[in-house]
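All remarks here apply to the structure that follows.
The values are calculated or read from the model by the stated rules, or taken from the named source; none is laboratory data. Values in this document were obtained by computation on a predicted structure and should not be read as measured data. Every residue, glycine as well, gets a Cβ built from its backbone with ideal geometry; the counts of neighbours run over all protein chains shown.
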Amino acid sequence: MTTNDEGAGNGAPLADPLEDLLDVLDLRAVGSTRISVDAFEGADGAADFAELGASEADVFVGRSQPQPHGRAFGGQVLAQSIIAAGRTVTAATEARGGPPRQIHSLHGYFLRPGDSSHPIRFAVERLRDGRSFSARRVHAIQHGKVILSMITSFQEPADGIEHQDPMPAAPEPETLPTAAEALKGVDHPVADFTATRRAADIRHVEGPIYLRPGRQPAARQSVWMKALRPMPDDPLLHAAVLAYCSDYTLLEPVLRRHGLAWGDPRLRPASLDHAMWFHRPGRADEWILYTEDSPSASGGRGLGVGRMFAADGTLIATVAQEGMVRLKERA
């Protein structure tokens, strides 16, 4: 894997967006720490916390990708958390001589905005390694505070009942404009970043809403997406990149429904939580149809639900995210 002169997780961004993302996900192990629950000592039921209080957390560190607005991209923190958790699962299964366990679900809360100019530490608690499942809790920490808390589960390969919804019809991705084509001629740092610094090729079926609202106020859309070039054959890495990409567009059905675009100066969006279920293996470097809709918006929050289909129609993953979607009146 290509890294910068200061080593994985510590240096400046690489010129190539995909290589930069792979470098960001190449976390460095920096030891372990004890997760403390001293605040519960002497309280009623404090014994219930004894197991948690004795737990050790594996610690990893990775750098952030600089962003035009200065806030760490939520998909980046999700992806790095998956890598950190997966490293400990791999270590545990290899120690026992068992078959590899792949991620099948994650549930995370964004607690604070991250700083895209500083590295992030990831503390991973090994909650349980059962006969076929492994559970992990990951805290992403920056400047001494938790910015994301996530629980994730991994499973050994297993047989069982199977069914899935069919993939909806969509035009071929090559017939749709790229982000660079959609933003050609726009002189703005965010537009330039979107067009040139994303590690994935993302193409909107209904047309993008970067600068102006969609033609119809429908709370649904589809996008084709894939990594810019082939990636290493590592299932954990592909799952992490799918989670990374899942955060790019999942709130857009909320914006479409209300005639909004990302360029609206009144818009104040922020991800609040994120859940993802990995149903079947999938590659992030092959075309994925990401179908998204928003069943509800209320209280300044909007819910986005998405499904990822491989080009052959295989349902790979389901995603859900609630985000803050506020409109600030202009002064």
field: Candidates 101, 71, 63, 96, filtered to the one that is modelled with pLDDT under 95, under 30 Å from residue 17 (Cα atoms) and either small (Gly, Ala, Ser) or not assigned by TED's automatic domain parsing to the domain that holds residue 193 (or both)
entry: 71
query: Do we find that residue 221 is under 26 Å from residue 320 (Cβ atoms) and in a loop (DSSP other than H, G, I, E, B) in this structure?
result: no
message: If the requirement is being in contact with a strand residue (DSSP E or B) (Cβ under 8 Å, 6 or more places away or on another chain) and either aromatic (Phe, Trp, Tyr) or part of a loop (DSSP other than H, G, I, E, B) (or both), which of these qualifies: 185, 214, 207, 160?
response: 214
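Taking strands (runs of 3 or more DSSP E) that fall entirely within region 249-331, which contain at least 3 residues that are surrounded by fewer than 16 Cβ atoms within 10 Å (Cβ to Cβ)?
267-278, 288-298, 315-327
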Odd one out for residue 193, checked against (1) touching a strand residue (DSSP E or B) at 6+ places or on another chain (Cβ under 6 Å); (2) in a helix (DSSP H, G or I): (1)
- prompt: Across region 142-189, what is the number of residues that are farther than 30 Å from residue 86 by Cα and in contact with an Asp or Glu (Cβ under 9 Å, 6 or more places away or on another chain)?
  reply: 5
field: Residue in region 82-118 that is surrounded by the most Cβ atoms within 10 Å (Cβ to Cβ), counting only those that are under 21 Å from residue 14 (Cα atoms) and among the small types (Gly, Ala, Ser)
entry: 114
- request: Just give me the residues in region 280-308 being out of contact with any Pro (no Cβ under 8 Å at 6 or more places or on another chain) and aromatic (Phe, Trp, Tyr), in sequence order.
  value: 290
- prompt: What pairs come up if the first residue lies in region 233-246 and is touching a residue at least 24 places away in the same chain (Cβ under 8 Å) and within 10 Å of residue 76 (Cα to Cα), the second is small (Gly, Ala, Ser) and assigned to a helix (DSSP H, G or I), and their beta carbons are under 6 Å apart, counting only those six or more places apart or on different chains?
  reply: 240/79; 243/79; 244/75; 244/79
